[in-house]
1. Alpha carbons only, please: Rg and Dmax for the range 229-382, in angstrom.
2. What is the extension gain from GLU125 to LYS258, computed as 0.36 nm multiplied by their sequence separation minus the C-alpha to C-alpha distance, in nm to one decimal?
3. Would you mind calculating the relative contact order of the chain from Cα pairs under 8 angstrom and at least 6 residues apart, reporting the percent as a whole number?
4. Note the per residue figure in Å³ for the convex hull of the C-alpha positions in the chain.
5. Please find the FRET efficiency linking ASN102 to SER226, where r is the Cβ-Cβ separation and R0 is fixed at 25 Å, and quote it to the nearest 0.05.
6. What list of ³J(HN,Hα) couplings, whole Hz, do you get for the range 227-233 from phi and the Karplus terms 6.51, -1.76, 1.60, once you set θ to phi - 60° and write x for glycine and proline?
7. FRET efficiency for MET204 and ASN413, Cβ-Cβ distance as r, R0 = 30 Å, nearest 0.05?
8. For the range 276-284, just list the computed ³J(HN,Hα) in residue order, Karplus coefficients 6.51, -1.76 and 1.60, θ = phi - 60°, integers in Hz, with x standing in for Gly and Pro.
Amino acid sequence: METVTNKTLEKLKYDLVREGLVDYDTVEKAQEIANAQNINIGQALINSKVLSEETLLKFLENKLHIPSVDLDDYTLDKNCLQYINIIDAKKYKIIPLFKIENTLTVAMADPLDLFAIDKIMEKAECNIEPIISTETSILKIIDEYYKTPNTVGEIYTESMENGYDWHEELHNDDLSDEHIQKIIRAILKQAILEDKHEVYFAHMEEGLEITFKHKGSVYEKGFIPSVLTQLFISKLKTLSNLDPSVSEIPQVGKLSFKVDDIVLTACISSFPTVMGERIALKIYKPPVELHKIIKDDSKLQFVINSIDKPGIILVCGAPLSGKTHIIYSILNEISKTKKNIMTIESITKYDLTKVNQCELNESIGFNLDKALRFIEFQSPEILYIEGMMSKYDYISSLVFSNKTVITEFLAENMSDLREKMAYSEVETFKSLVNCLIFIHSKDSIEVFDKTTIQKYLA
């Protein structure tokens, strides 16, 4: 749970004693109550009826020389609601009042929370002028003005309610090693919540630029400040079992992280550039039961039956369309059989029970060619080979040896697939495909049998 604080009162709590408003023991006891109940010390004093909200407000006004406002008698400018969303308003106990030129005046319960002011200033793209109000009145007016969708002057949306911003961790004033790890986790969590599965970190003058990629479009997500860049990269590489002291050669690793109750895997690649290392992550969701992906019973049974026949099961789709997700679900489904199932992968995404998964390791010379040369000694009956974009003859030879081969093929759409399959070097490979699964989207997956494949790809 996030700790509730009020930086203003934390700084001035002993001034309450010096002003004669409370005694020292009362402040210490209020601090204990605040810690136990996860409220700020001002609220603890008010709840204990030691001080009234009005007395505390007047004390802060005199001490900080910042004016206060009684929101019960105030009508704010609804046009200013666009500058602060409901999530930030409730979190920071802040409400916009009015804007003059490039300065937005806001009511705050904690006017010395510089991280909150900096965040609001960044989002609103204007200067912030705080005035003091009570926490109770701010929360009341938030509920009053940020009502249900479609209200006049309303800026509340469901996406805001479910919104998530990794900058919340960045703006925390804790810069420990554990905090860097929280920033990494927050960035990856935001990517998943936005349904983005590619994350990139690249050196720029401002620091380490963060971008998400989805269906060929790039979305900028801010920067890790220069002062944190080296710490951030080192921690990210360490968590991914990469050598943080090596930056001159490419490295490939794997990172596991948790979003809510789901454990996810990200394959990570570091690559040297003239500006510094560029790091790319591809996030993979864990496999699910195959019937949750292929919902048509007859098509599902056809895919399962295809496993028992020598031939190729080809999974096609655009980049990060879910090809690996489906293949892992297929492997998970057939792992219940007594067949010898093996894989050759650059990085294993998830551990599969009763599937002999093989992970390549270029650093010790165990590459794809070497794996292919020796794997037949293991007598696999079903073999998944990742990314076989140019080994068509080899895959065909495996089928001629009565093996079932599962692999993927990159194609943006059926027309793209038809065009790529028209080349003469894939003619034999194409004729051995028993089952073709094409992913148009997560809600649109087609399954083709041998007859239909020849018709569509002719």
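No lab work stands behind these numbers, since they all come straight from the coordinates. This structure is a prediction, so every number in the text was calculated from the model and none was measured. Neighbour counts run over all protein chains shown; Cβ positions are idealised from the backbone, glycine included.
1. Reported Rg and Dmax, both Å: 17.9, 54.
2. Working: separation 133, 0.36 × 133 = 47.88 nm, distance 3.29 nm.
Separation in residues times 0.36 nm, less the Cα-Cα distance, equals 44.6 nm.
3. Relative CO of the chain lands at 9 percent.
4. Details: hull volume 93.1 nm³, N = 458.
For the chain, the hull spanned by Cα atoms encloses 203 Å³ per residue.
5. FRET efficiency, ASN102 to SER226: 0.40.
6. The phi angles translate into 5, 9, 4, 5, 4, 4, 4 Hz.
7. According to the calculation, E is roughly 0.30.
8. Coupling constants for the range 276-284: x, 4, 9, 10, 10, 10, 10, 9, 10 Hz.
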